[in-house]
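> My questions all concern the structure below.
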Amino acid sequence: QVQLVESGGGLVQAGGSLRLSCAASGSIFSINVWGWYRQAPGKQRELVADITSGGNTYYADSVKGRFTISRDNAKNTVYLQMNSLKPEDTAVYYCAAGKLLFTSWGQGTQVTVSS
């Protein structure tokens, strides 16, 4: 069992930056992939970025060049650095982790980008 706790959300103006953190506890050894999803009102949850235990990363086209996912193994924490934020990035952001599929989820953190 893995527990995930996100932090770092908030209100920011367009063009600004935020860094989300996801701290994991529990069966950390079982995690092979970490990810960040987001869900905007009235829209489906979408994968924003993920990172594997081997360091391979994936980014949605909408965030490439603006967002960076990274992890600190010593702190069991994954980060999402978000730069050049746009109003369309407004959503609840969720951290997820798993062995092959995302089976553990955080409670979500709100990111609001004002124009």
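The values are calculated or read from the model by the stated rules, or taken from the named source; none is laboratory data. Note that the coordinates shown come from a computational prediction; the quantities given were computed from them, not determined experimentally. Glycine gets a Cβ as well: all are built from the backbone with ideal geometry, and neighbour counts include every protein chain shown. The accessibility values were calculated without ligands, DNA or RNA, using every heavy atom of the protein model including side chains. Shrake-Rupley method; radii C 1.70, N 1.55, O 1.52, S 1.80 Å.
> Among the residues of the stretch 1-41, what is the count of those that are modelled with pLDDT under 95, open to solvent by 60 Å² or more (accessible area, probe 1.4 Å) and over 14 Å from Lys99 (Cα atoms)?
The number of residues fulfilling the criteria is 1.
> Within the stretch 92-110, restricting attention to residues that are surrounded by fewer than 22 Cβ atoms within 10 Å (Cβ to Cβ) and of a type in the set (A, V, I, L, M), which residue is farthest from Gly8 (Cα to Cα)?
Leu100
> So, in the stretch 61-91, exactly how many residues are in contact (Cβ under 8 Å) with a residue 60 or more places away in the chain, surrounded by fewer than 22 Cβ atoms within 10 Å (Cβ to Cβ) and within 10 Å of the chain's Cα centre (by Cα)?
2
> Here is a follow-up. Scan the stretch 92-115 for residues that are assigned to a strand (DSSP E or B) and under 12 Å from the mean Cα position of the chain (by Cα) and jot them down.
Scanning the stretch 92-115 gives Val92, Tyr93, Tyr94, Cys95, Ala96, Ala97, Trp105, Thr109, Gln110, Val111.
> Shifting gears a bit: Within the stretch 42-55, how many residues are open to solvent by 60 Å² or more (accessible area, probe 1.4 Å) and under 15 Å from the mean Cα position of the chain (by Cα)?
2
> Residues of the stretch 72-114 being farther than 11 Å from Leu4 by Cβ and modelled with pLDDT under 95, which ones?
The answer is Asp72, Asn73, Ala74, Lys75, Lys99, Leu100, Leu101.
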